[in-house]
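Right, one structure below, let's go through it.
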Amino acid sequence: MKKRLIGFAALILMFGVCLLPAFQVAHAEETDSARLSFGDDGKFTVLVLSDLQDTQFTTKLVVSGETQVMKDYPADLIVLLGDQLEGASPVLRLGNGAANSETALRALLDPIEETGIPFVVVFGNHDYEAPLTVQQQTKIYESYDNCLAVSHGKGSTEDGAFVLPIYMEGSDQKVMALYFFDSGSYLANGDYDTVSAEQVAWYNEQSATLKAENDGQALPSVAFCHIPVPEVYQLLTEVPKGTKGALEGVGVGKGKYYVPDESKIFTGTVNEAPCPSSENNGLFDAYLENGDVFLTVNGHDHINSFIGSVEGIDIASTPGSTYTSYGSSDVRGARLFRFTEYNVRDYETLHALYSAYNTPASFGYLRYYFSTTTGIYNAVKVGVSIIIVFVALIVSIVILTIKSKRRAANPDQDFPSDEFDDEPEHAEQNEQHKE
């Protein structure tokens, strides 16, 4: 299965009119939901924004990044792949936490609303930690006209799964399907959660239904969830502890050390250990058995941006789009996938970097430093700065107090002065010399 890893910006600029989003508002008889289809050019493009992780003090950097990418790379569908909110941040709880969460979400959603491009939402572990329930967050997303579906929303299962078919342009024929799974938050032992067994059963039913509708042929599909599937560690090779460049495993890989298997990873880099769950409810095995899902896409690991293949299924880790949480200018951005109507499995992909739009020089070095988490969390930077200013103020007050007490205790003592006190005496001596 060949994947074309190309930069299609030039193509878009040359044929901008032809590549306008192929979103067609077609009200089906049985539902009021909008329908997605391939465009006149036979293409369908998905833009993935993951781990925006912001607070009510949404930085202009993240808004600029998403706005510029949406402008330069017209998409047919935008996927918000979880952790839209930095839910655990104490900043979100300053004052009215629910109102702060809504302020953050609307700041991130306003640029998407302006494009008119349809979007869908799944939740990440940090969204569950916000001072606003995911059900309340869902209502905010659904208040936007171009919102197609949200985990725990109107078209979702109770545990947060939904599917969207993509139709042939001008036809009722389904060409492919997009599955979306809520991967939860945390297990009782503190590990990350994963797609539930109930969701896997639901997927099997949906897959069978779509297969029956497609003359008994598996309908090519792509799956999205925030936390990666445990099988992501099959893209790495276990090595002894202390091996140069080895990453300490997380979740299913806990207690072991790994390096990327370059024979399986065909684009991008693994910059941190993937962080799946330690539990596995068989979702990937279901993909293999049903034979429809050829690509599964996750977020969660901010500085990873790679795609590799395991048993014929591609696992894609998309870059973090956040400036507030941890990240790297070499990775921070978004990933796009473009599918072709006549052969959806032969997709194209592009990693769009925010550093192409936002730099310290363009934003201002100091503002950029305090708006971007690079090694040190922004809250730590602000906290340390406040402490430094506070200590400097205390030291200044102490010094002034000591000087004031000394003057009060010795009112007749002469203190050093910037002027020459003996200048008149010298002047008088000079006059006498002249005589």
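The values are calculated or read from the model by the stated rules, or taken from the named source; none is laboratory data. Because the structure is a prediction, the values reported are computed rather than measured. Backbone-built Cβ (ideal geometry, glycine too); neighbour counts: all protein chains shown.
How many of the residues making up the range 61-94 are in a loop (DSSP other than H, G, I, E, B), surrounded by fewer than 21 Cβ atoms within 10 Å (Cβ to Cβ) and modelled with pLDDT of 95 or more?
1
Pro131: touching a helix residue (DSSP H, G or I) at 6+ places or on another chain (Cβ under 6 Å), assigned by TED's automatic domain parsing to the domain that holds Val297 and part of a helix (DSSP H, G or I), yes or no? Can you show your working first?
Details: touching a helix residue (DSSP H, G or I) at 6+ places or on another chain (Cβ under 6 Å): yes; assigned by TED's automatic domain parsing to the domain that holds Val297: yes; part of a helix (DSSP H, G or I): no.
It is false that Pro131 is touching a helix residue (DSSP H, G or I) at 6+ places or on another chain (Cβ under 6 Å), assigned by TED's automatic domain parsing to the domain that holds Val297 and part of a helix (DSSP H, G or I).
Quick grid of which residues meet (1) buried (at least 21 other Cβ atoms within 10 Å of the Cβ); (2) touching a His at 6+ places or on another chain (Cβ under 8 Å); (3) free of Cβ contacts under 8 Å to residues at least 60 places away in the same chain; (4) at negative phi:
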position: Ala316; (1), (2), (3), (4): yes, no, yes, yes
position: Thr322; (1), (2), (3), (4): yes, yes, no, yes
position: Ser325; (1), (2), (3), (4): no, yes, no, yes
position: Asp330; (1), (2), (3), (4): no, no, yes, yes
position: Gly333; (1), (2), (3), (4): yes, yes, no, no
position: Tyr342; (1), (2), (3), (4): no, no, no, yes
position: Asp346; (1), (2), (3), (4): no, no, no, yes
position: His351; (1), (2), (3), (4): no, no, no, yes
position: Pro360; (1), (2), (3), (4): no, no, yes, yes
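Residues in the range 114-141 that are surrounded by fewer than 17 Cβ atoms within 10 Å (Cβ to Cβ) and either of a type outside the set (Val, Ile, Thr) or farther than 18 Å from Asn100 by Cα (or both): how many?
7
Between Val344, Val310, which is within 25 Å of Val250 (Cβ to Cβ) and modelled with pLDDT of 95 or more?
Val310
Go through the range 190-239 and give me each residue that's farther than 18 Å from Gly82 by Cα and in a loop (DSSP other than H, G, I, E, B).
Passing the criteria: Gly190, Asn214, Asp215, Gly216, Gln217, Ala218, Leu219, Pro220.
Give Ala98, Ala107 a once-over and let me know the one that is within 17 Å of the chain's Cα centre (by Cα), part of a helix (DSSP H, G or I), under 18 Å from Gln56 (Cα atoms) and in the same structural domain as Asp51 (by TED's automatic domain parsing). Even if it seems obvious, please write down each step before you answer.
Details: Ala98 fails: within 17 Å of the chain's Cα centre (by Cα).
Step by step, each of Ala98, Ala107 is checked, and only Ala107 is within 17 Å of the chain's Cα centre (by Cα), part of a helix (DSSP H, G or I), under 18 Å from Gln56 (Cα atoms) and in the same structural domain as Asp51 (by TED's automatic domain parsing).
Give the residues of the range 193-230 that are touching a residue at least 24 places away in the same chain (Cβ under 8 Å) and polar (S, T, N, Q), sorted by residue number.
So the first thing to find is which residues in the range 193-230 are touching a residue at least 24 places away in the same chain (Cβ under 8 Å), and the list is 193-200, 202-204, 206-208, 210-211, 213-214, 218-230.
If the condition is that a residue be touching a residue at least 24 places away in the same chain (Cβ under 8 Å) and polar (S, T, N, Q), then Thr194, Ser196, Gln199, Asn204, Gln206, Ser207, Asn214, Ser221 are the ones that fit.
Is it the case, given these coordinates, that Thr243 is out of contact with any Ser or Thr (no Cβ under 7 Å at 6 or more places or on another chain), at pLDDT 95 or above and in a strand (DSSP E or B)? Step through it out loud before you land on a result.
On the way: out of contact with any Ser or Thr (no Cβ under 7 Å at 6 or more places or on another chain): yes; at pLDDT 95 or above: yes; in a strand (DSSP E or B): no.
Judged against the criteria, Thr243 is not a match.
If you go through the range 112-128 one residue at a time, how many are among the β-branched types (Val, Ile, Thr), under 17 Å from the mean Cα position of the chain (by Cα) and assigned to a helix (DSSP H, G or I)?
Final tally of qualifying residues: 1.
Considering the range 328-343 alone, what residues qualify as being more than 20 Å from the chain's Cα centre (by Cα) and over 15 Å from Asp76 (Cα atoms)?
Scanning the range 328-343 gives Tyr342, Asn343.
Could you tell me which numbered condition Gly42 fails, if it satisfies all but one of (1) buried (at least 23 other Cβ atoms within 10 Å of the Cβ); (2) at positive phi?
Against the list (1) buried (at least 23 other Cβ atoms within 10 Å of the Cβ); (2) at positive phi, Gly42 comes up short only on (1).
Specify the residue that is farthest from Ala149 (Cα to Cα); the eligible residues are those in the range 204-237 that are surrounded by 14 or more Cβ atoms within 10 Å (Cβ to Cβ) and of a type in the set (D, E, K, R).
Taking the range 204-237 and keeping what is surrounded by 14 or more Cβ atoms within 10 Å (Cβ to Cβ), we get 204, 206-207, 210-211, 214, 218-237.
Now drop any that are not of a type in the set (D, E, K, R), which leaves 211, 231.
Numbers: Lys211: 22, Glu231: 27 Å.
The extreme case among them is Glu231.
Quick check on the range 266-281. Is at least one of its residues closer than 23 Å to Gln199 by Cα and in a helix (DSSP H, G or I)?
No; the residues of the range 266-281 include none that is closer than 23 Å to Gln199 by Cα and in a helix (DSSP H, G or I).
How many residues does the range 372-402 hold that are farther than 29 Å from Phe337 by Cβ and modelled with pLDDT under 80? Break it down into steps so the answer makes sense when it comes.
Residues of the range 372-402 farther than 29 Å from Phe337 by Cβ: 375-402.
From what's left, modelled with pLDDT under 80: 375-386.
Total meeting the criteria: 12.
Given the conditions (1) among the acidic types (Asp, Glu); (2) in a loop (DSSP other than H, G, I, E, B); (3) under 28 Å from Asn304 (Cβ atoms), and given that Glu158 satisfies all but one, which numbered condition is not satisfied?
(3)
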